[in-house]
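Worksheet: one structure, shown below.
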Amino acid sequence: MQRTGSAASPSFHTLIIGAGFAGVGMAIALKKAGLGDLLILEKRSDVGGVWRDNTYPGAACDVPSHLYSFSFEPNPDWSRVFAPQAEIHQYLKRCAEKHGLLPAIRFGCEVAQARFLEEPSLWAVTLTSGQVLHARFVVTATGQLSRPVCPEIEGMDRFKGRVFHSAHWDHGYDVKGKRVAVIGTGASAIQFVPAIASRVSQLTVFQRSAAYILPRPDGPYAAWRKALFRRLPWTMKLHRARIYAQYEGRAIGFTRIKALMDVAVGLPFKALLRRQVQDRALRAQLTPDYPIGCKRILLSNDYLATMARPNVKLVTQGIRRITADGIETVDGQHHAADAIVYGTGFAATAFLAPMTITGRDGLELNEAWRQGAQAYLGMTVPGFPNFFMLYGPNTNLGHSSIIYMLESQIAHVLRCMQAAHRAGASRVEVDHQRYARFNDTVQARLRATVWQGCRSWYVDANGHNSTNWPGFTFGYRWLTRHGSLKAYHFTGPGRGDGPQARPDLAGDPLARAIAR
């Protein structure tokens, strides 16, 4: 696949970094469009991204399977409403194989840095091995939840038992009969805690803050329904559309009328808590003290009930230090443990780390993001021509499927590339004014959402929300389809030295799209 041409003739049209949902979807779209050679760089040994890595007990999606899949690759054989991890991983592998992507993937290749070469208008991508690859375009598909985070706690290196993060579950360690300490109570913990509680002798869960939890309407798909989906695909599309409409409506509470969260989330949560936890003191410990939706709302039918088990202990005191055989809290209590599992999430606001991305005039992306990560449509940044991010800043959701957002982004990237090809341009770069206007509007809109008002992984250390989209997914799709190319400069050979196709700053559709 790789060409041997000079720097003036790029080895590849596009380099894609990451082989999860975003990378696989982007590669399929590029291959269908026939724009040129592509290569996916994947640091692991298989496709799948987070669905390859997170194999902890009970791992499953919290978005219904038929919506958490590509619209162009429907799967009539999803086993459950909420598919388990292994099934989602197999789905992605089938997509890659079906569309002939495996020859275009280099496994075991981690990117160290990428630098834009201005003279030939190419990207030079350096791997950790030292090899350098060149491409006209670079598309990052590393996601927001790919780098596990562990807290910095005194004495972490003194513990003599087994230690691992939920994203790197140690399947060689049998927890049966062991005393297991779990630090963290996020989306991963509420899945693996119930899955291991019946097997351990003692489970001690260290909670910094409680979570709002809703019942998970899960269940297997009947054989007749899967057969119907296979025989009449339009019924599967109708099923997906119904799920989409149901979930999209939830954006009203997240981004428009916050009071709705009390009814849609608060009441069901309180009912579930009363039903599954009889002890009043424990119920109080499991009740959040922050506005509903400010932190991620979780789904589980058995987490709260698990916390009421006799062999499970909830600890809400802060951790002072880790000792050789357990964890000591600030009240002086020592909690013995044979193993510690960190369910402490991911570095969601550290976009593209630890890669170094350098654009025009030696500008580094981290320097451009001193005030917080941001991008036009979550994908492009001034000073970084021919560079696109999938699942970039402010494209995460609290209510629907990220796969829907990814398909909007993939289509937008493809339109930019095709427009450059038609214009004979070697560079595509977003206009700074449109970039600034977009992000000012996004941040202003975010201040009216449920995500402002508490400390969460949505917000970085400076209080900047660089993760979530403050509107509806169909509004985002409308924006990526209509008027979005006016935000770009297309320059290069045959187009003159100055910016071409200057953006029309009048009639900006951003506010209209977010308001939808």
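The values are calculated or read from the model by the stated rules, or taken from the named source; none is laboratory data. No experiment lies behind these values; they were computed from the predicted model shown. Here the Cβ positions follow ideal geometry from the backbone for every residue, glycine too, while neighbour counts run over all protein chains shown. Keep in mind that these areas ignore ligands, DNA and RNA; they rest on the heavy atoms of the full protein, side chains included. Shrake-Rupley method; radii C 1.70, N 1.55, O 1.52, S 1.80 Å.
Using only Cα atoms, tell me the angle between helix 267-276 and the longest principal axis of the chain; keep it within 0 to 90° and round to the nearest 10.
40
Arranged from highest to lowest average of other beta-carbon atoms within 10 Å per residue, in what order do the peptides 148-161, 76-89, 39-52, 210-223 appear?
Descending mean neighbour count gives 39-52, 76-89, 210-223, 148-161.
Note the full-extension length gain between residue 171 and residue 71 as 0.36 nm times their separation in residues minus their Cα-Cα distance, in nm to one decimal.
Length difference between fully extended and current span is 32.6 nm.
Taking the Cα centre of each part, how many Å lie between the range 278-326 and the range 408-464?
For the range 278-326 versus the range 408-464, the Cα centre distance is 36 Å.
Averaged per residue, what accessible area in Å² does the range 234-375 show with a 1.4 Å probe, protein chains only?
49
Hey, what's the range 430-493 come to in accessible area per residue, 1.4 Å probe, Å²?
About 40 Å² of surface per residue is accessible.
Per the helix-only calculation at 222 nm, which mean residue ellipticity applies to the chain, given -39500 (n - 2.57) for every DSSP H run of n ≥ 4 and division by its residues, nearest 500 deg cm²/dmol?
-8500 deg cm²/dmol
Could you check what % of the DSSP bridge pairs in the chain are antiparallel, to the nearest 5?
40
With no solvent and one equal point scatterer placed on each C-alpha of the range 288-360, evaluate the Debye formula and give log10 I(q)/I(0) for q = 0.12 Å⁻¹, two decimals.
Rounded to two decimals, the profile gives -0.60.
Counting heavy atoms of the protein chains only and a 1.4 Å probe, report the per residue accessible area for the range 67-186 as a whole number of Å².
45
Which links in 32/237; 160/313; 98/237; 43/176; 93/486; 31/237 stretch past 30 Å when you go from one Cα to the other?
Table pairs above 30 Å Cα-Cα are 43/176; 93/486.
State the percentage of accessible surface on the chain attributable to carbon and sulfur atoms; use a 1.4 Å probe and exclude ligands, DNA and RNA.
Percent of accessible area from carbon and sulfur atoms in the chain: 51.
Once both axes come from the Cα atoms, what is the angle between helix 85-98 and the longest principal axis of the chain, in degrees from 0 to 90, rounded to 10?
Between helix and principal axis, roughly 20 degrees.
By accessible area of protein heavy atoms, probe 1.4 Å, what ranking do 437, 427 get, highest first?
437, 427
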